[in-house]
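The values are calculated or read from the model by the stated rules, or taken from the named source; none is laboratory data. Computed from a predicted structure; not experimentally measured. Here Cβ is always computed from backbone atoms with ideal geometry, including for glycine, and neighbour counts include all displayed protein chains.
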Amino acid sequence: MNNLLQKLGSDLKETDRKTENVTARYAVFYKLRMDGAKLAVISRLSGYHHSTIIHGVTQFKNLLDSKDKLAVEYWDMIKHDEYKVVTTINGIAI
């Protein structure tokens with residue numbers, strides 16, 4: 001997850017409301033969700049509440065639909081990255 005944020009020039013530890021950082025976080029949430037990651041996994045990885053993840057995914061989709069310049073730029077940078085979220089339950093990777 002941090003690799004994707006670094007690619008966008010952001011850091012997960014930056015919790016400010018700067019447009020660039022918020023859009024980068026939302027882009028990563030969206031990417032992980034589109035790759036099949038469950039909300040609980042993204043929440044655990046990012047440290048954000050699952051409702052924040054839902055909000056971020058929805059907002060980023062809306063930004064892409066409205067052709068927001070920054071959102072489109074960020075999406076173009078990460079959309080083809082292969083990123084698998086692997087977690088374990090009782091020692092079994094899923």
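Just for the stretch 21-40: of the residues that are over 8 Å from the mean Cα position of the chain (by Cα), at pLDDT 90 or above and in a helix (DSSP H, G or I), which one is surrounded by the fewest Cβ atoms within 10 Å (Cβ to Cβ)?
Of everything passing the filter in the stretch 21-40, A40 is surrounded by the fewest Cβ atoms within 10 Å (Cβ to Cβ).
Inside the stretch 41-72, can you point out the residues that are closer than 20 Å to E14 by Cα, of a type outside the set (A, V, I, L, M) and assigned to a helix (DSSP H, G or I)?
Answer for the stretch 41-72, where residues must be closer than 20 Å to E14 by Cα, of a type outside the set (A, V, I, L, M) and assigned to a helix (DSSP H, G or I): S43, R44, S46, H50, S51, T52, H55, G56, Q59, F60.
Show the residue pairs that are 6+ apart or on different chains and have beta-carbon atoms under 8 Å apart, the first residue being within the stretch 40-61 and on the phi > 0 side of the Ramachandran plot, the second being modelled with pLDDT under 90.
What qualifies is G47/L12.
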